[in-house]
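Participant: Sharing a structure here in structure tokens format.
The values are calculated or read from the model by the stated rules, or taken from the named source; none is laboratory data. Owing to the predicted nature of the structure, the values given are computational and were not obtained by experimental measurement. Cβ placement follows ideal geometry from the backbone for every residue including glycine, while neighbour counts extend to all protein chains displayed.
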Amino acid sequence: MFTATIHFNQHRECILRDLTADVDGPVPIEIEEVRNGSVTFVLRAGEHADAFQTALEAAEHVEYVARLDDVNLLVTKPSCGAYSAIYRNHGTLRRSNTVRGRHREYNVLVFRRDDLKAIIDDLEGFGTVTLGKLETFTETTESPLTDRQREVVVEALARGYYEWPRRINNEDLAEELGISRATLHEHLRRAEKKLLTMGLTDESPLPAQTRPDLGVSHLPDGGPG
């Protein structure tokens with residue numbers, strides 16, 4: 001199992017590209033669900049929340065916009081292709097991902113190197129891809145999760161929430177667990193963060209000679225520009 005940071009320059013038209021082109025830095029996005037060609041995500045808009053909400057509500061293709069609080073928006077819109085490419089090839093988005101103009105940064109968990117190669121091949125069909133970091137995800141004998149977090153994650157795995165396509169959506173999973181959709185997402189986010197932290201013991205990029213040849217170049221230190 002591997003964790004990978006993928007830097008992707010989107011060539012397709014996308015409303016998020018227009019919204020974030022002139023912001024001061026990358027805007028975090030937390031993916032909630034990819035289903036039937038649409039993606040639902042939390043947009044950490046910060047001081048741009050009002051402007052982003054107005055633009056998203058005015059866009060005919062955006063399916064849903066809700067204000068979660070002063071700085072965060074819940075959005076559902078047709079996927080521009082990247083999220084489908086990741087999930088179709090057995091990848092899972094981890095942590096907060098970011099967008100700024102054409103540039104996206106995705107933190108992905110994959111089980112096999114071939115899955116990562118397939119994700120990159122698909123993304124290269126409509127953008128430019130650079131692999132920033134690839135590390136082996138290691139497990140520890142002691143779980144960092146609370147009993148409730150473990151219960152939610154185990155139920156999500158058992159019912160196919162992390163499969164592609166998903167065998168259960170977030171609303172039905174929350175109903176099965178007897179909790180709200182917001183509570184489900186909170187448990188999953190906290191659990192995923194803890195599990196990912198176990199594997200990310202070294203935040204420095206791996207030397208080029210230790211990474212498999214995936215046909216993509218290494219992004220220099222400093223991240224997206």
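Participant: In segment 24-44, is there at least one residue being in the same structural domain as GLU124 (by TED's automatic domain parsing) and free of Cβ contacts under 8 Å to residues at least 24 places away in the same chain?
Facilitator: Yes: segment 24-44 contains one or more residues that are in the same structural domain as GLU124 (by TED's automatic domain parsing) and free of Cβ contacts under 8 Å to residues at least 24 places away in the same chain.
Each row is one residue, and each column tells you yes or no for (1) touching a Lys or Arg at 6+ places or on another chain (Cβ under 8 Å); (2) of a type in the set (Gly, Ala, Ser).
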{"residue": "ALA4", "(1), (2)": "yes, yes"}
{"residue": "HIS7", "(1), (2)": "yes, no"}
{"residue": "ASP18", "(1), (2)": "no, no"}
{"residue": "VAL23", "(1), (2)": "yes, no"}
{"residue": "GLU32", "(1), (2)": "no, no"}
{"residue": "HIS48", "(1), (2)": "no, no"}
{"residue": "THR54", "(1), (2)": "no, no"}
{"residue": "GLU63", "(1), (2)": "yes, no"}
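Participant: Turning to a different aspect of this structure: Considering only segment 1-102, give the strands (runs of 3 or more DSSP E) lying wholly within it that have at least 3 residues that are more than 25 Å from GLY160 (Cα to Cα).
Facilitator: Hits in segment 1-102: 2-10, 64-67, 97-100.
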